[in-house]
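Chemist: This is the structure I want to talk about, given as structure tokens.
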Amino acid sequence: MSITENYQQILSSIPAHVQLVAVSKTHPVEAIQEIYNQGQRVFGENKVQELVAKYPELPKDIKWHLIGHLQSNKVKYIAEFIDTIESVDSEKLLLEISRQAEKHQRTIKVLLQVKIAEEDSKTGLEISEAKELFLQYLQGQFPNIEITGLMGLATFTDDMEQVEREFLFLKRLYDSLSIQKPLTTLSMGMSGDYQLAIASGSNSVRIGSSIFGQREYPQS
Ligand SMILES: *Cc1c(COP(=O)(O)O)cnc(C)c1O
């Protein structure tokens with residue numbers, strides 16, 4: 001199947017209230033342009049260097065999401081144009097994003113990435129840290145950011161009951177923080193588990209290989 005056919009099939013399998021973030025990491029700008037032409041506007045990349053290389057080559061109404069681990073010293077390269085940083089996992093990073101956003105007189109949307117995987121050593125905030133940072137945010141400590149929601153990565157396993165537990169865990173945190181300030185985005189689910197994520201309350205899925213095909217990494 002072509003990228004366009006894959007894309008249309010994924011779109012038709014996602015309810016209207018769920019946002020699709022097309023994860024284009026490792027794929028060329030031509031592939032991104034192909035589904036842009038189909039109407040897709042939200043794209044996800046996981047590396048600053050790759051995003052900064054692709055950005056000038058593509059239409060300016062794309063909403064770019066950074067979904068991979070971000071070092072504070074690299075925020076400055078994307079602060080002018082990034083729509084949402086989904087992978088915020090420290091206070092230091094929040095402070096730097098707010099500082100760089102202020103330089104460009106804008107507000108950058110962020111998601112707090114919470115560690116939900118029971119087994120994998122995936123990065124993310126502990127639940128207590130996420131609550132603490134959200135409180136600091138509500139008190140006005142990060143004036144040029146808007147925390148719009150949470151992001152989580154489930155354990156890479158065939159045990160779908162475990163994956164579901166992890167998703168529901170994040171959904172509960174999302175609902176409890178939403179009482180303090182309404183949130184809009186619960187980002188959970190990738191190519192292998194997005195249906196389960198949506199059934200567990202996700203309203204934003206990050207899908208790469210099911211649209212663009214397998215990623216090819218250069219031999220190192
Ligand atoms: C690569 C990546 C995805 C997309 O994964 P697929 O399995 O290709 O859909 C989603 N989220 C994050 C954080 C990623 O790094």
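The values are calculated or read from the model by the stated rules, or taken from the named source; none is laboratory data. What you are looking at is a predicted structure, and each value in this text was computed from that prediction instead of being measured. Ideal geometry is used to build each Cβ from the backbone, glycine not excepted, and the neighbour counts take in all protein chains shown.
Chemist: Is there a residue in the range 169-176 that is in a loop (DSSP other than H, G, I, E, B) and either over 28 Å from I14 (Cα atoms) or modelled with pLDDT of 95 or more (or both)?
Modeler: Filtering the range 169-176 for residues in a loop (DSSP other than H, G, I, E, B) gives none.
Taking every residue of the range 169-176 in turn, none turns out to be in a loop (DSSP other than H, G, I, E, B) and either over 28 Å from I14 (Cα atoms) or modelled with pLDDT of 95 or more (or both).
Chemist: For the range 64-107, which residues satisfy the criterion of being touching a helix residue (DSSP H, G or I) at 6+ places or on another chain (Cβ under 7 Å), within 15 Å of Q141 (Cβ to Cβ) and not polar (S, T, N, Q)?
Modeler: Across the range 64-107, the qualifying residues are V88, E91, K92, L93, L94, E96, I97.
Chemist: Restricting to the range 148-168, give me the number of residues that are among the polar types (S, T, N, Q) and either buried (at least 21 other Cβ atoms within 10 Å of the Cβ) or part of a helix (DSSP H, G or I) (or both). Give the steps one after another, and end with the answer.
Modeler: From the range 148-168, those among the polar types (S, T, N, Q) are 148, 155, 157, 162; that's our starting set.
Next, from what is left, pick out any that are either buried (at least 21 other Cβ atoms within 10 Å of the Cβ) or part of a helix (DSSP H, G or I) (or both): 162.
Summing the residues that are among the polar types (S, T, N, Q) and either buried (at least 21 other Cβ atoms within 10 Å of the Cβ) or part of a helix (DSSP H, G or I) (or both) in the range 148-168 gives 1.
Chemist: Shifting gears a bit: Residue check, A130 against (1) of a type in the set (G, A, S); (2) more than 16 Å from the ligand (Cβ to nearest atom); (3) in contact (Cβ under 8 Å) with a residue 12 or more places away in the chain; (4) more than 21 Å from H69 (Cα to Cα), all met but one. Which one?
Modeler: The failed condition is (4).
Chemist: Is there any pair with a first residue in the range 146-173 that is closer than 16 Å to Q19 by Cβ and a second that is of a type in the set (D, E) whose Cβ atoms are under 6 Å apart and which are 6 or more apart or on different chains, and what are they?
Modeler: Pairs found: M151/E86.
Chemist: Run G39 past the list (1) closer than 30 Å to G140 by Cβ; (2) in a loop (DSSP other than H, G, I, E, B); (3) away from the ligand (no atom under 16 Å from the Cβ) and report the number of the one that doesn't hold.
Modeler: In the conditions (1) closer than 30 Å to G140 by Cβ; (2) in a loop (DSSP other than H, G, I, E, B); (3) away from the ligand (no atom under 16 Å from the Cβ), G39 misses (1) alone.
Chemist: For the range 117-147, which positions are part of a strand (DSSP E or B) and either out of contact with any Ser or Thr (no Cβ under 9 Å at 6 or more places or on another chain) or buried (at least 19 other Cβ atoms within 10 Å of the Cβ) (or both)?
Modeler: The answer is L125, I145, I147.
Chemist: Among all residue pairs at least 6 apart or on different chains, which show Cβ distances below 8 Å where the first residue, located in the range 12-26, is of a type in the set (K, R) and the second is surrounded by fewer than 22 Cβ atoms within 10 Å (Cβ to Cβ) and part of a helix (DSSP H, G or I)?
Modeler: So the pair list comes out as K25/E50.
Chemist: OK, next. Whether any residue in the range 198-218 is within 11 Å of the ligand (Cβ to nearest atom), exposed (fewer than 13 other Cβ atoms within 10 Å of the Cβ) and closer than 20 Å to H69 by Cβ is what I want to check.
Modeler: Yes; the residues of the range 198-218 include at least one that is within 11 Å of the ligand (Cβ to nearest atom), exposed (fewer than 13 other Cβ atoms within 10 Å of the Cβ) and closer than 20 Å to H69 by Cβ.
Chemist: Which of the residues that make up the range 34-52 are surrounded by fewer than 14 Cβ atoms within 10 Å (Cβ to Cβ) and more than 19 Å from the chain's Cα centre (by Cα)?
Modeler: N37, Q38, G39
Chemist: Does the range 45-67 contain at least one residue that is within 13 Å of the ligand (Cβ to nearest atom), acidic (D, E) and under 22 Å from R106 (Cα atoms)? Give the steps one after another, and end with the answer.
Modeler: Initially, the range 45-67 is screened for residues within 13 Å of the ligand (Cβ to nearest atom), giving 45-47, 50-51, 65-67.
Next, only the ones that are acidic (D, E) stay: 45, 50.
Pick out the ones that are also under 22 Å from R106 (Cα atoms) and you get 45.
Among the residues of the range 45-67, at least one is within 13 Å of the ligand (Cβ to nearest atom), acidic (D, E) and under 22 Å from R106 (Cα atoms), which makes the answer yes.
Chemist: Taking T107 as the residue in question, decide whether it is farther than 21 Å from E166 by Cα and of a type in the set (S, T, Y).
Modeler: yes
Chemist: I need the full set of residues from the range 1-33 which are in contact with a helix residue (DSSP H, G or I) (Cβ under 9 Å, 6 or more places away or on another chain) and in a loop (DSSP other than H, G, I, E, B), in order please.
Modeler: Answer for the range 1-33, where residues must be in contact with a helix residue (DSSP H, G or I) (Cβ under 9 Å, 6 or more places away or on another chain) and in a loop (DSSP other than H, G, I, E, B): M1, S2, S13, I14, P15, V18, S24, K25, T26, H27, P28.
Chemist: Condition first: hydroxyl-bearing (S, T, Y) and within 11 Å of the ligand (Cβ to nearest atom). Now tell me which residues in the range 166-197 satisfy that.
Modeler: Applying the first criterion (hydroxyl-bearing (S, T, Y)) to the range 166-197 yields 174, 176, 178, 184-185, 187, 191, 194.
Listed by number, the residues that qualify are S187, S191, Y194.
Chemist: In the range 134-165, what residues are away from the ligand (no atom under 16 Å from the Cβ) and either under 20 Å from S204 (Cβ atoms) or basic (K, R) (or both)?
Modeler: Quick first cut of the range 134-165, residues away from the ligand (no atom under 16 Å from the Cβ) only: 134-148, 159, 161-162, 164-165.
Within the range 134-165, F134, Y137, I145, E146, I147, T148, E164, R165 qualify.
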